Amino acid sequence: KIREVKGSSFKVDANSAVIAVDKESFEKNPIKSDMGKVEVEFLHVNGRRQLAKPVVLQGEYGTSYIASPSAGVPAVYVLDSVEGETSGVYSEETKKVTYLYRDYVPENLEKFGDVNGDGEVNVADVTEYQRFLAEIVKFPPEKVAGLDFNYDCRCIYAPEISGRIRCILRRGSNQLFVYRR
């Protein structure tokens, strides 16, 4: 860090080193660098809060850089979009790349989670799903096919099989038949 000291004396901490230069000389002969920088941030798309520590890439002017998503971002987030150039060439201008993440929502839940059709996935949808399981409401086959929200198997509407079977859940070669009471 470069600090300015006022006055003609200053203290130096034990076990440390200081290079002291008068301000006028420093401004007349600035330290030049042939290194470019790319600042990389990892933020949540809503609120832009930091999800992982930022990274600064450095390299000689004219050489290539590639910025990549952070392995430090928790797995409950997925990449939503990127602002800035993720690859390019270092230059005198500091470049900025921002990876924006959103909360992870399983694809099935995004596609079929709005069970009650109000345009949002919320507790009202869970209630409607419970009403379906209790056989208070009926869903069309295409909606039933998408009701495996935890993504661990596939739910297939099977009206052609015995009237007692609600659906068949399959994982690999294993099958689980969900029966009505």
Considering only residues that are among the basic types (K, R) and in contact with a Leu (Cβ under 9 Å, 6 or more places away or on another chain), look in segment 31-56 and name the one that is nearest to T86 (Cα to Cα).
K37
Looking at segment 16-37, is at least one residue free of Cβ contacts under 8 Å to residues at least 12 places away in the same chain, under 29 Å from V105 (Cα atoms) and surrounded by 10 or more Cβ atoms within 10 Å (Cβ to Cβ)?
no
V56 - would you say it is within 27 Å of Y101 (Cα to Cα), free of Cβ contacts under 8 Å to residues at least 24 places away in the same chain and exposed (fewer than 12 other Cβ atoms within 10 Å of the Cβ)?
yes
Looking at segment 29-67 only, could you name the residues that are assigned to a loop (DSSP other than H, G, I, E, B), within 15 Å of V89 (Cα to Cα) and not β-branched (V, I, T)?
D34, Y61, G62, A67
Is there a residue being under 30 Å from L43 (Cβ atoms) and either assigned to a helix (DSSP H, G or I) or modelled with pLDDT of 70 or more (or both) anywhere in segment 125-142?
yes
Given (1) modelled with pLDDT of 80 or more; (2) surrounded by 10 or more Cβ atoms within 10 Å (Cβ to Cβ), identify the lone condition not met by N108.
(1)
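The values are calculated or read from the model by the stated rules, or taken from the named source; none is laboratory data. Computed from a prediction, not measured in an experiment: that's the story for all the values here. Cβ sites come from the backbone with ideal geometry, for glycine too, and all protein chains shown count toward neighbours.
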